[in-house]
Amino acid sequence: MAAAGGSGGCWFLALALGVSLLKCLLIPTYHSTDFEVHRNWLAITHNLPVSEWYYEATSEWTLDYPPFFAWFEYALSHVAKYFDQEMLVIQNLNYSSHATVFFQRLSVIFTDILFVYAARECCRCVNGKRPGKELLEKPMFVLAVLLLWNFGLLIVDHIHFQYNGFLFGLMLLSVARLFQKRHLEGALLFAVLLHFKHIYIYVAPAYCVYLLRSYCFTANKADGSLKWSSFSFLRITLLGLIVCLVSALSLGPFAVLGQLPQVISRLFPFKRGLCHAYWAPNFWALYNAVDKTLAVVGIKYKFLDPEKIPKASMTGGLVQEFQHTVLPSVTPLATLICTFISILPSVFCLWFKPQGPRGFLQCLILCALSSFMFGWHVHEKAILLAILPLSLLSVESPKHAGIYLILTTTGHFSLFPLLFTPPEITTKILLMLLFTVYSFSSLRALFRKEGPLLNWLETIYLIELVPLEIFCEIVFPLTPWKLKFPFIPLLLTSVYCALGITYAWLKLYVSVLTESVTVRQKAE
Amino acid sequence: MEKWSLMTITVLLGLIVRWMVSFGSYSGAGKPPMYGDYEAQRHWQEVTYNLPIKQWYFNTSDNNLQYWGLDYPPLTAYHSLLCAYVAKLINPDWIALHTSRGYESQPHKLFMRATVLIADLLVYIPAVILYCCYLKETSTKKKIASALCILLYPGLILIDYGHFHLGFALWGVLSLSYDWDLLGSLAFCLAINYKQMELYHSLPFFCYLLGKCFQKGLTGKGLVLLIKIAFTVVASFAICWLPFCTEVEQILQVLRRLFPIDRGLFEDKVANIWCSLNVLIKIKNVMSPQTQLKLSFAFTFLTLLPACIKLTLQPSLRGFKFAMISCALSFFLFSFQVHEKSILLVSIPVCLMLNEIPLMSTWFLLVSTFSLLPLLLKDGLLLAYVVTTLAFLTVCETSFSIFEKTSEEDLQLKSFSLSIRGYIPSFKAFPKIIKSLFIVSVTLMGILTLMSATLTPPQKLPDLFPVSVSVVSCLHFLFFLMYFNAVVLWDSRNGRNQKKIH
């Protein structure tokens, strides 16, 4: 990173090339079952007619992404056949020849070009107000590194194996387009993105409200409140047309075939449990932990009858429905309501006090974080949905930089259990150190004049992650508890990280809400 | 950003790339009966742990010297012993006598890789960092950029072998640049005792220190310094060899193992003169081994003489580093029984010159890695080779913008071209020639890499690609030998020469 010396625009290319080469070095590393998932989808889309895509169930990893992603796999499969025909046979479960690994890994690396482009566009949106500074201390440069070299993306996409890179590329690109006032393009990109992976629906409220408020209404009153007469029917028609066209293109064929209910049931598997096999560090992790503690305490002091307690252990590894012992059990509907309520204030804020694209971005991050906090069956990887957009804000204000540091460090740390094989433990620690050292030192250099970014409590909390990691990965496997309570490291990690993420979420929320108040007072 | 955080990032990048590359295959993986260097290292742990010190270098019923017998100096053997103790703690099967031959498993690979990484972290990387921090007349950015480039040099990363000798040699250079002559000679003695190949660097060390003593006057301070240095060298050697000093036969046997003259002029495909000449004349058949030995000695001695004389007469740190390059290069090109990996001994001093002559250093480092290509292909490291080389080129280009720095001053050829112009007045084209040569050579290396990786050689010439790789590299090295000698001899930063020119 220190490499990008004097010459003007080529530093960005050097950064992108550097990280791509690093990704190439990651090709022989461990890959999770997601690798087989995507191989299976390649085979399904390659061999079967469209009408059977969402019915095929030879492998347990059935197609559960929206149609655009299926088409994407279809396109990839036509390149894949030049690498290894065998990977395209549906019955070849868990097939992973060298050529297959090479092809799948390369496909992720190459589709990341979209992400690189999006990062470039985002860097252009950041205002580089501080001229005359060294390149290494320019917001643009810092943002480029924070996005391109993001630890979470590296390990989730290039070790664990997924295609998040180009999907986040689409999202960042649409955000950049909204920053550049190219609203229709932004809307189109987001609609397309939704039909690639439906998890992005979490941030859809931000898009809806922002486009309606700041694009469809062309003017504000003098005090900044809504001017109803400025509503533009042309604009809303255009937006509606874009959304409908994209949806028709994606879901249309299945609607014609009468398969929509099947597709929907594959996309939203509510039969899975409240939490993923490994608890994502969110509100429910804390909730479960409290429940478990109460249960243990209750049994010890004879408040509870051990006979009546359901035996399912949540972190046992299998995704299953779980009965809470003391606290009331949580239903999907309850999580939906909680998510909705937690998103509401941020959306209101966006509607009543529009602050241009920056306000939209804050709302988007809050939506992503809130749904991460309260959603049903959330994956720990979903934290990237908040971390990446927050990078954009972090290089602009010290307040956001502080929140970003807490959120990324804990969020990335919570990704650690994804990689558990011995060689990858070293890899993940080194990569994490690289990213963390860079983000801390660069953001501190960026806001040197504004004083420290974190207070002492936050600093202590983050430093405590080091002993936690040492305990979980080195000390614990040596203790006799390893066989009796194998879930303790996971539980500790997710509960400890849940604290940090909840704190960052609250802090961001408070800052957004109070900020709008002060602005309103100024306006008055 | 502060210097320390940039340095931390640099070190982490270096470590990450090293660790990633080690995921690939290793030398001799799954190839019985001899396996490869990996097995050699493991076997040494087995031998040193299980046998008494007196038997280490002798052929006994428990120690078959034909099967990767110890042929490194004592420090390497002690080091293997230390590793063996750790291995014993983790899994005794790894070093069990006889039964552990050809032992391969995932955890063991991890262990071996970790020993190399830790060794790098303890010896080599600190030396690089300190060296770069010491660099004079350079901005912080340049210091960090050179550290990054040195740490990302692909040759060392790909041949991960535990480069203690290089690490200690670097410590030697480092101490000399701080004017700590005794510490420098101690570090260098350790380096030699890790690997006898370090002798390639011994003449510059010797000449530099001797020259320094001369400068101080051989009757006063200089003599004291000389005695001190001599004492340090003798003492450190004595300590390293102490367990073997009980019998003369022990020492002789170790020496015989270290310098196997009966192995012939060259083995495999090395990018040196003898192997390249072999394409035209079969030297091994024409001459007796004794003549070969004499011939190679004569050539080596003649080619390294000018730089050494110059260094003794005008000892300077700059000259010392250049002399290290040219001496090691002469040894590599002309001496007896050279191994492909010995090119790393030339590369390390070249790395130290990266910030002074970026273009030539980058070029040389690229060629040196390229010359290892047949070895890397054999070990299945093609992907790692391509990736690390591209990364290295990118980093060098962005941090030093090598293509813009091609003036005569940047190439350190100012005085040389001035003196040439004395004979041919119109001669002005150095930068242009060098630049186009660089591009041609990089393209050639790219094409050859591509060909050796994808094409199958014709049946009549099964070694076509390795031989062409080594011949091409050899030609490059000859060119570099001339270049570096020209720089050393026409080095104008010393007072006397400057006067002559003006």
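The values are calculated or read from the model by the stated rules, or taken from the named source; none is laboratory data. Please read these numbers as outputs of a predicted model, since none were measured by experiment. As a convention, Cβ positions derive from the backbone with ideal geometry for all residues, glycine included, and neighbour counts pool all protein chains shown. Surface areas here come from the heavy atoms of the whole protein model, side chains and all, with no ligands, DNA or RNA. Shrake-Rupley method; radii C 1.70, N 1.55, O 1.52, S 1.80 Å.
Helices in chain A, meaning DSSP H runs of at least 4 residues, each add -39500 (n - 2.57). Divided by all residues, the mean residue ellipticity at 222 nm is -20000 deg cm²/dmol. Fully extending the segment from B:V440 to B:A298 would add 47.8 nm, taking 0.36 nm per residue of separation and subtracting the current Cα-Cα distance. Here A:I337 sits with roughly 90 square angstrom of accessible surface, probe radius 1.4 Å. Say the cut-off is 19 Å between C-alpha atoms; which of B:K31/B:K378; B:K221/B:K310; A:K133/B:K136; A:K181/A:K381 go over it? Where the Cα-Cα span goes over 19 Å, the pairs concerned are B:K221/B:K310; A:K133/B:K136; A:K181/A:K381.
In this simple spin-label approximation, B:L313 and A:R448 carry label points 7 Å from Cα along the Cα→Cβ vector, and these lie 4.9 nm apart. Determine the shape class of chain A: with a ≥ b ≥ c the square roots of the Cα gyration tensor eigenvalues, call it rounded for a/c under 1.5, and otherwise prolate if a/b is greater than b/c, oblate otherwise. Rounded.
Run the reach check for B:K88 against lysines, Cα to Cα strictly under 19 Å, same-chain hits fewer than 8 apart removed. What comes back? Result set, ordered by chain and number: B:K109. For the stretch A:322-341, backbone nitrogen atoms closer than 17 Å to the point 7 Å from A:I201 Cα along Cα-to-C-beta are found at A:332-341. Placing a pseudo-label 7 Å from each Cα along the Cα-to-Cβ vector at B:I433 and A:E52 gives an inter-label distance of 7.0 nm. Between B:K282 and B:S407, the contour length at 0.36 nm per residue exceeds the alpha carbon distance by 40.8 nm.
Computed from the Cβ-Cβ distance with R0 of 51 Å, the FRET efficiency linking B:C133 to A:F233 stands at 0.15. Partners of B:K141 within straight-line reach, counting aspartates and glutamates whose Cα lies under 15 Å from its Cα and excluding those fewer than 8 residues away in the same chain: A:E134, A:E137, B:E2, B:E356, B:E397. With the cut-off at under 18 Å, measuring from each backbone N in the stretch B:251-276 to a point 7 Å along the Cα-to-Cβ line of B:Q290 picks out B:261-265. By the helix-only formula, in which each DSSP H run with n ≥ 4 contributes -39500 (n - 2.57) and the sum is divided by residues, chain B has a 222 nm mean residue ellipticity of -21500 deg cm²/dmol. Residues A:F413, A:F102, ordered by accessible area of protein heavy atoms at a 1.4 angstrom probe radius and largest first, appear as A:F102, A:F413. Sparsely packed loop sites in the stretch B:279-323 (the trypsin sites (Lys or Arg not before Pro) outside DSSP H, G, I, E and B with at most 15 other Cβ atoms within 10 Å) comprise B:K282.
Modelled spin-label separation between B:E2 and B:Y178, with each label point placed 7 Å from Cα along the Cα-to-Cβ direction: 2.1 nm.
Only lysines eight or more places from B:K195 in sequence, or on another chain, were considered; those with a Cα closer than 18 Å are B:K341.
When nucleic acids and ligands are ignored and a 1.4 Å probe is applied, B:M197 ends up with an accessible area of around 40 Å². Surface listing: B:S371, B:S288 arranged by accessible area from highest to lowest gives B:S288, B:S371, probe 1.4 Å. Taking a Cβ cut-off of under 12 Å around A:Y207, the surrounding Lys, Arg, Asp and Glu residues balance to a net charge of +2, with basic ones at +1 and acidic ones at -1. Over all other residues within a Cβ to Cβ distance under 10 Å of B:L151, the charged ones net out to 0, with Lys and Arg as +1 and Asp and Glu as -1. Averaged over the residues of A:17-26, the number of partner chain Cβ atoms lying within 10 Å of the residue Cβ comes to 6.
With the whole protein complex present, A:E86 retains an accessible surface near 90 Å², based on a 1.4 Å probe. Computing FRET efficiency as 1/(1 + (r/R0)^6) for A:L478 and B:I447, where r is the C-beta to C-beta distance and R0 is 56 Å, gives about 0.55. Other residues whose C-beta falls under 12 angstrom from the C-beta of A:H198 contribute a net charge of +1, scoring Lys and Arg +1 and Asp and Glu -1.
Sites listed here are GluC sites (Glu not before Pro) in the stretch B:1-94 whose DSSP assignment is loop and whose Cβ has at most 16 other Cβ atoms within 10 Å: B:E2.
Normalised by 2.2 N^0.38 Å, with N the number of residues, the alpha-carbon radius of gyration of chain B equals 0.98. Within 10 Å of the Cβ of each residue in B:394-403, the mean number of Cβ atoms contributed by other protein chains is 5.
Looking at the stretch A:160-209, the trypsin sites (Lys or Arg not before Pro) that sit in a DSSP loop and have at most 13 other Cβ atoms within 10 Å of their own Cβ are A:K181.
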